[in-house]
Amino acid sequence: MNKSYPILITILLLFSLYVTAAVRTSAQSGNWNNAATWEGGSVPGASDDVIITAGHTVTTTNAAASAKLEVFGTFMYSTSGNLTINGDLVIQSSGVVNVFANATTGRTLIIKGNLINNGKIDASKGTSVITMAEPLNRQGTIISGGGDFDVIRTLNIQNKSGVTLNVAISVCNNLRLLNGVFYNASNLTLDNKDFGSGPSAASQIIITRSQEGSLDKPYTLGSSAALFVQYTANATGSPLQIVAGYEIPAPASGSASSSIARLTVDNSEGLVLSDNLTLTSSSTALILTSGVVTLPAGKALTITNTTVGATLIGEGTATSYVDGAIIVSASASTPQIRNIPIGYAGNNRKVVISGLKAAGSVNVAVKFYIEPSTIGATADGITLSNTCRWVGEVVSGELDSYTGISIDYHSDNNIDETVPPNIIAKSQTATGLYSSMGMGNSTATSINSANGIFKEFGYFSLAFNGTLPVELSSFSVKSENSKARIVWSTQSESNNKEFIIERSLDGETFSYLATIPGKGTYQGITNYLAYDQFPASGTNYYRLSQIDYNGRTTVYPVKAQIFDFEKDLTVLVYPNPVSEKINIRLANSRTQKADVSLLDANGTLRFRASNVDIQNGYQITNLSNLAKGIYIIQVKGSGFSKSKTVVVN
């Protein structure tokens, strides 16, 4: 093809678009989709510029689109349909754009260009939405003009190249920062109490921010506005951790903490807060759906409400929690349950306090956080987990009591790596004496204290109360004369029936190897020894399990040992040359199973057999479909791959 043809085709396509696009001007009032409404009798297309003439009212009842829209008259919606403008919306001084169907039902206006209002735009009704979307030329856009913007019910910022606000506007329900920077300067007010000519706004103003969107400057928040801030993930963007910005108002004068009503986090990469934050909602104050909220050391997330029960704070999920401190409150009149979804080392290790109650007329505020564990002394029969500890402190007011505490745990909270905790132990100091809080109704994921009247917080540790079945002091595997030497020792044993040794070649699927009797109950050191007489070439994984007489099993961490038995391995192929059957054997090898392949001189696979018994030799019997020539026998097993050339006559 001539190299100039693609250029010519492109020019023709562009010309085609140019001649197809037109300027459509209203001829009279009427429906957007009625040809009689427009001069020339043609309904505007998505690439057409549209002019609504002064004195004309154009109504859309279905989805409509245009390029630039210039309004001298009135544009309005019926009960259905939305409008997408693939260019600028220019409202002249006589123009009106109503983004609603009636006094309570709003519609959606999508602008992929600039919004220039010198007339009036009304998006104040119940579900009115203005979306500043990304233009076709992928450039930044502006909101400007000296006209009346009334109040905008919902404003979406969805232009990756940014939107600049050059005129003062007020949003009364939703500001959604979904994509790009909103360069709001000092022109943005958020106030759910100021709803303009629309119906009463919702009881809160909601800012939704994704990892792709942000504000450029602070905004003005209505003095009595209830602010909800939601962090979410924009599925079209790269997963990113969000660092809180101007969507969180600065602390009021004289306050050490910023304040909003509700915080919602639904971003898998999490949220970073740089300072204290107070949540004041009288319903649900904290919702954790996805991602970790990270706070600096010494900072806290404070929830102030004292009248709402367990629903005040969401429990979070296994991987969605607060990595830092949470402060909760309670009054003297109504004892409360408080969820405290704090986490550590990648897991939610939630605390639940029951029956929290203040003494006197002043509310009590209690801070909880997690820190690495420093083992303290214990009462007889108690063994502490050394992973982490939970710290509870009264930061204001006076504690009357609480009736119980529950702590979620994970396998790394096990005692000696293997024994699940069964109690919560508490001490007044980090390294003081830890005493049991009694046994409650615990589950496989949480430990509960007994119900009671507890008068103090302090340092809390998960622990095991009772005699550990086996105190394992060592477990190792070494190579010895082509065997696996498996050694372990116990410091003491209680009710120990036996040990089971298993082996795996992939670290996942284990097979039985041996049973070694235990010593029942014995105080003192016991050394155990076992051998794997025939380990496989490559990596062998060994698992040790201990079984009590009552059937309880404790599984210890897996050990691995590498054996290289195949370094002297040789593939024997005979006869060679061959005409009828190919015999294959391995010399200097322990391999029992292997994959056998036959390839021609071009590397094309002509035969393959998987997981065949190679220990006693293997035959390829059907050579009738092979042409005379040179072939390659390939044998692959655990830890080796060997090849041998054979000639077929």
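The values are calculated or read from the model by the stated rules, or taken from the named source; none is laboratory data. As the structure is a prediction and not an experimental result, all values here were calculated from the model. When we count neighbours, we look across all protein chains shown, and the Cβ atoms used for this are built from the backbone with ideal geometry, even at glycine. Areas reflect the complete protein model, heavy atoms only, side chains present, ligands, DNA and RNA absent. Shrake-Rupley method; radii C 1.70, N 1.55, O 1.52, S 1.80 Å.
Listing for the model above:
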{"item": "Whether the stretch 293-385 is rounded, prolate or oblate, judged on the alpha carbon gyration tensor where a/c under 1.5 counts as rounded", "result": "oblate"}
{"item": "Ordering of 97-110, 423-436 by packing [mean C-beta count within 10 Å, highest first]", "result": "97-110, 423-436"}
{"item": "With every protein chain in place, the chain: carbon and sulfur % of accessible area (1.4 Å)", "result": "49"}
{"item": "Set of the stretch 623-639 residues, backbone N closer than 20 Å to the point 7 Å along the Cα-Cβ line of Thr570", "result": "632-637"}
{"item": "Solvent-accessible area per residue for the chain (1.4 angstrom probe, square angstrom)", "result": "45"}
{"item": "The stretch 426-565: C-alpha gyration tensor shape, a/c 1.5 cut-off, then a/b vs b/c", "result": "prolate"}
{"item": "Value at 222 nm in deg cm²/dmol, rounded to 500, when DSSP H runs of n ≥ 4 in the chain each add -39,500 (n - 2.57)", "result": "-1000 deg cm²/dmol"}
{"item": "Estimated distance in nm for a label pair at Ser333 and Ala235, the labels positioned 7 Å out from Cα along Cα-to-Cβ", "result": "4.6"}
{"item": "Whole-Hz couplings from phi, Karplus 6.51/-1.76/1.60, listed for the stretch 163-180; x for Gly and Pro", "result": "10, 9, 9, 9, 9, 6, 9, 10, 10, 10, 9, 9, 10, 10, 9, 8, 7, x"}
{"item": "For peptides 84-92, 160-168, sequence by mean Cβ density within 10 Å, most packed first", "result": "84-92, 160-168"}
{"item": "Shape category assigned to the stretch 111-240 from the gyration tensor of Cα positions, a/c cut at 1.5", "result": "oblate"}
{"item": "The stretch 167-238 versus the stretch 538-576: alpha-carbon centroid distance in Å", "result": "60"}
{"item": "Rough spin-label spacing in nm, given labels placed 7 Å along Cα→Cβ, for Ser42 and Asn118", "result": "2.8"}
{"item": "Euclidean distance of C-alpha centroids, the stretch 380-398 and the stretch 124-162, integer Å", "result": "52"}
{"item": "Calculated over the stretch 407-487: convex hull of Cα atoms, volume per residue (Å³)", "result": "124"}
{"item": "Rounded to whole Å, sorted largest first: equivalent-ellipsoid semi-axes of the stretch 241-357, Cα gyration tensor", "result": "21, 18, 12"}
{"item": "Of all DSSP beta bridges in the chain, antiparallel share, percent nearest 5", "result": "55"}
{"item": "The stretch 302-324-the stretch 54-84 distance, computed between alpha-carbon centres (Å)", "result": "46"}
{"item": "Ala444-Ala601 pseudo-label distance in nm [points 7 Å out on the Cα-to-Cβ vector]", "result": "6.2"}
{"item": "Value of Rg to Rh for the chain (Rh from inverse mean 1/r over Cα pairs, i.e. Kirkwood)", "result": "1.16"}
{"item": "Scattering curve values for the stretch 46-176, log₁₀ I(q)/I(0), Debye with Cα scatterers, q = 0.18 Å⁻¹", "result": "-0.93"}
{"item": "Reach of Lys636 by Cα under 17 Å, taken over lysines that are not fewer than 8 positions away in the same chain", "result": "Lys567, Lys593, Lys644"}
{"item": "Sequence of Ile501, Ile142, Ile327 from largest to smallest accessible area, 1.4 Å probe", "result": "Ile142, Ile327, Ile501"}
{"item": "On Cα atoms only, tilt of 4-20 relative to the major axis of the chain in degrees", "result": "50"}
